[in-house]
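Here's the structure, in structure tokens; my notes come after.
The values are calculated or read from the model by the stated rules, or taken from the named source; none is laboratory data. Just so you know, these numbers come straight off a predicted model, no measurement behind them. Every residue, glycine as well, gets a Cβ built from its backbone with ideal geometry; the counts of neighbours run over all protein chains shown. Side chains are part of the model used for accessible areas, which takes the heavy atoms of the whole protein and leaves out ligands, DNA and RNA. Shrake-Rupley method; radii C 1.70, N 1.55, O 1.52, S 1.80 Å.
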Amino acid sequence: MAAASNGGKRQRRVVIACQGGGSHTAFTAGVLKRLLGADELAGFQVAGLSGTSGGAVCALLAWYALLDDDLVGAGRLLDRFWADNSARGPAEMLVNTWIQWASGWQDFGVTAPAVSPYHSPASVMAADQFCQMLGRQVDFGRIQVDSAGKHPVLLIGAVDVLSGRFRTFSSRRDRITAGTVLASAAIPNLLRAVKLEDGMYWDGLFSQNPPVRELLDAGPDELWVIQINPRQRDTEPTTLAEIADRRNELSGNLVAIPGARLHREDRPAARNGAAGRGRKVQAGRGPGDRAVPLRPSPGLGGVQAEPRPAVHPEPDFTR
């Protein structure tokens, strides 16, 4: 977003991180649409977005609209993608019903036969269809590396299957393609690893979910995390389906904001100012948000964030 002021008043710089979690990230799309379309956002400048898996899809679509400063357009792109991704025809609805039926039988110890995606042509078709859906909303041909930082930054998380290295693709140094997003969303038991120039990648849920640390390089005043996996449950999971759900929720919360210790290595100052020593970044994800003061971190040569008691309540327009 080009503007940095609102009626002569400096806009607060905000970065938004979108947690991954499969089709549940359709809820993330709704949150982003609401946030970016709210009148109250006039007081904020979106300096960057990040996402993992389905969260990467939502972050990409919102970021693509922001390249043209089109906040309303972000909502349209999100709506169109998820409508395109929904089960509408009889065959698709039948598959959905079968999956729900099969999941219910797990409580009785009955599971459907598992087939490696490398032995199933359906995995190749699914990957192609996914890229086609993205291509119907995003013209990847116009996306180039934004090394000058003219636009908000986009970060996408994935993991290299062979090296185990967590990878954050950045629009500042990487050309974002449909393959980049597919790499972040390649669930191992459904899709084959995605080969990019420097590695073979699986779903970003195995890495940073969502990428947060590099968002600090955008020099934000606030960090908003759209989290879809609950931290707490009121009752103990007892059925196989409930146990699987809770296990997935816990594994999906690899990066928790607030509560996680955020580290940022020393780098040249980011465009429009980097998060420097002594700078405070308000990290929010709902009721009980915390302000996260950044201070020098001994031994790391950078900046470390330590959570402190909540001082920044949830914005009214997100309720």
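Filtering ALA241, ALA193 for residues that are in contact with a strand residue (DSSP E or B) (Cβ under 8 Å, 6 or more places away or on another chain), surrounded by fewer than 21 Cβ atoms within 10 Å (Cβ to Cβ) and either acidic (Asp, Glu) or farther than 21 Å from THR28 by Cα (or both) leaves a single hit, ALA193. Going by the conditions given, is ALA47 small (Gly, Ala, Ser), at pLDDT 95 or above and open to solvent by less than 40 Å² (accessible area, probe 1.4 Å)? It is true that ALA47 is small (Gly, Ala, Ser), at pLDDT 95 or above and open to solvent by less than 40 Å² (accessible area, probe 1.4 Å).
The set of residues in segment 201-225 that are open to solvent by 70 Å² or more (accessible area, probe 1.4 Å) and assigned to a helix (DSSP H, G or I) comprises PHE206, ARG213. Taking the criterion of being open to solvent by 40 Å² or more (accessible area, probe 1.4 Å), touching a strand residue (DSSP E or B) at 6+ places or on another chain (Cβ under 7 Å) and polar (S, T, N, Q), the only residue of segment 137-169 that qualifies is SER163. Take LEU134 and decide whether it is modelled with pLDDT of 95 or more and either over 18 Å from LEU182 (Cα atoms) or open to solvent by 40 Å² or more (accessible area, probe 1.4 Å) (or both). No. Of all residues in segment 244-255, those that are modelled with pLDDT under 70 and surrounded by 15 or more Cβ atoms within 10 Å (Cβ to Cβ) total 4.
For every residue, the table says whether it meets (1) at pLDDT 95 or above; (2) open to solvent by 20 Å² or more (accessible area, probe 1.4 Å); (3) touching a helix residue (DSSP H, G or I) at 6+ places or on another chain (Cβ under 9 Å).
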position	(1), (2), (3)
LYS9	no, yes, yes
PHE27	no, yes, no
GLY37	no, yes, yes
LEU41	no, no, yes
ALA65	yes, no, yes
ASN96	no, yes, no
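The set of residues in segment 176-190 that are within 13 Å of PHE166 (Cβ to Cβ) and either in contact (Cβ under 8 Å) with a residue 60 or more places away in the chain or open to solvent by 40 Å² or more (accessible area, probe 1.4 Å) (or both) contains only SER184. Evaluated against (1) part of a loop (DSSP other than H, G, I, E, B); (2) touching a strand residue (DSSP E or B) at 6+ places or on another chain (Cβ under 8 Å), ILE228 falls short on exactly one condition, (2).
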